[in-house]
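Below you'll find the structure, written out as structure tokens, and then a few comments.
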Amino acid sequence: MTTAIPALGDTDCVPTIDEVLDRIRDLRPLLSRNAAQGELDRRVVEESISALTEVGIFKIAQPRRYGGYEMNLRAQIEVAAAVAEADGGTAWVVTLCNQCAWMTGLFPERAQNDVWQSNPDAKISGVVSPTSTSVKVDGGYRVTGRWYYNSGSWHADWAVLGMPIVDDAGQPTDQGIALIPRTELTLEESWFVAGMRSSGSNCLIATNVFVPEHRVISAPAAWEGTVATEHTDEVLYRSAFTPVLALGIAAPQLGMARRILELVTVVASTKPLTFTFYSAKADSPVFRHQIAEAAMMIDSAHFHAYRGAEMVDTAAGAGEFPDALHRARARADAGRVVDQVTKAIDLLLFAYGAAGFADSNDLQRLWRDSAVAARHAYIVPAVSYEMYGTAMLADGDQITPML
């Protein structure tokens, strides 16, 4: 497949979201065929990564100045969900790389040039937790650290990584996010898990790596809507930081749920309801009820994902930063996606039966991928709901600065 990708600086050849989704649909057989091998390899098959790169799926959140598509959060959610219908692990890598590309768009232009000027197809992975130490030196910092759960680490050219910002005496003054070339990091294989195996969420390690000042931004400032890019006319990079990450991370759940619903319903007219007189599950009122209830839960998950995205995209378009209540609601929207999808998938697997857990059945892999992704700390439903309840009731108080 050959698809026209915008050249560096070409803003006139950006596809619509419908065109991007069509490209993903064309790739679905390939992505699905490679899913099992990706799980065995604990990394997405390179053929899938190359195919997705060729049709621009890693350009969704990249600035148009570098040939990217600069698409809003709603589009990012739809892209992640569409890929997830083929394979959850591949969708997770696409999601995280696109989110890290979005984060890179928050940096000064000089840092963005470091990443994309010579390689517009550069991919970025990342972990914002500051699991590192730093020393202030002339022109920047020396950083040493280990960042676990770095999804897409096998495919990344750069990484956005959390670090403490310190003064000359070594005292922390802020929390930072650093852009570091992958060539200056080592990778430790640490991702041995029950699901999302192909995400390759390994540990990246820095040992006394020099990071120039222009490749470090303040994380708390970004959480509160103050970013370093000089291109303030670029609407996408005015989007609220933590809602973008939370809703984006939740997005693959939508596609996995849709695919599981499809797999369960497609056999309804031919698969008997074991130990009953029903020769076809579709004839059973209980099965019909399970399917309808699960479908409504999945619809509800989409509503919350799209409501959160609409809030973020509308505020960014107006040049406004959402207040704490709306940002907290967006975090709760992301948690609700996970909550509803997890319940829907559980119900659908009961409806399908034990055969869904056979190694040869895609259902069991989708179930495991969804279950592991649902436990990501950023989108745990109960914590997300507490954030929203606190914003509603606690008069300015909050349980986290990452709102």
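Values as computed for the structure displayed
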item	result
Test for Glu230: is it at negative phi, more than 22 Å from the chain's Cα centre (by Cα), in contact (Cβ under 8 Å) with a residue 60 or more places away in the chain and not assigned by TED's automatic domain parsing to the domain that holds Leu366	yes
Filter pass, Ala316 being part of a helix (DSSP H, G or I), more than 20 Å from Ala81 (Cα to Cα) and out of contact with any helix residue (DSSP H, G or I) (no Cβ under 7 Å at 6 or more places or on another chain)	no
Answer residue from the range 325-350, given it is in contact with a Gly (Cβ under 8 Å, 6 or more places away or on another chain) and more than 17 Å from Arg238 (Cβ to Cβ) and is surrounded by the most Cβ atoms within 10 Å (Cβ to Cβ) among those	Ala334
Listing of strands (runs of 3 or more DSSP E) fully contained in the range 42-157 that carry 3 or more residues being of a type in the set (Val, Ile, Thr)	132-137
Residue check, His302 closer than 26 Å to Ala240 by Cβ and at pLDDT 95 or above	yes
Subset of the range 174-223 [in a loop (DSSP other than H, G, I, E, B) and at positive phi]	Met196, Gly200
Selection from the range 354-365 of residues that are over 20 Å from Ser199 (Cβ atoms) and either surrounded by fewer than 16 Cβ atoms within 10 Å (Cβ to Cβ) or assigned by TED's automatic domain parsing to the domain that holds Gln37 (or both)	Ala354, Ala355, Phe357, Ala358, Ser360, Asn361
From Arg110, Arg43, residue being buried (at least 21 other Cβ atoms within 10 Å of the Cβ) and among the charged types (D, E, K, R)	Arg43
Number of the exception - Leu403 against (1) out of contact with any helix residue (DSSP H, G or I) (no Cβ under 6 Å at 6 or more places or on another chain); (2) hydrophobic (A, V, I, L, M, F, W, C); (3) farther than 27 Å from Ala295 by Cβ	(1)
Inter-residue pairs, beta-carbon under 6 Å, first touching a residue at least 12 places away in the same chain (Cβ under 8 Å) and in the range 34-55, second among the aliphatic types (A, V, I, L, M), 6+ apart	Asn34/Val45; Gly38/Val44; Gly38/Val45; Val44/Val93; Ser48/Leu31; Ala51/Leu27; Ala51/Leu30
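The values are calculated or read from the model by the stated rules, or taken from the named source; none is laboratory data. Just so we're clear, the structure is a prediction, and the values are computed from it rather than from any experiment. Cβ coordinates were reconstructed from backbone atoms using ideal geometry, including for glycine residues, and neighbour counts include every protein chain displayed.
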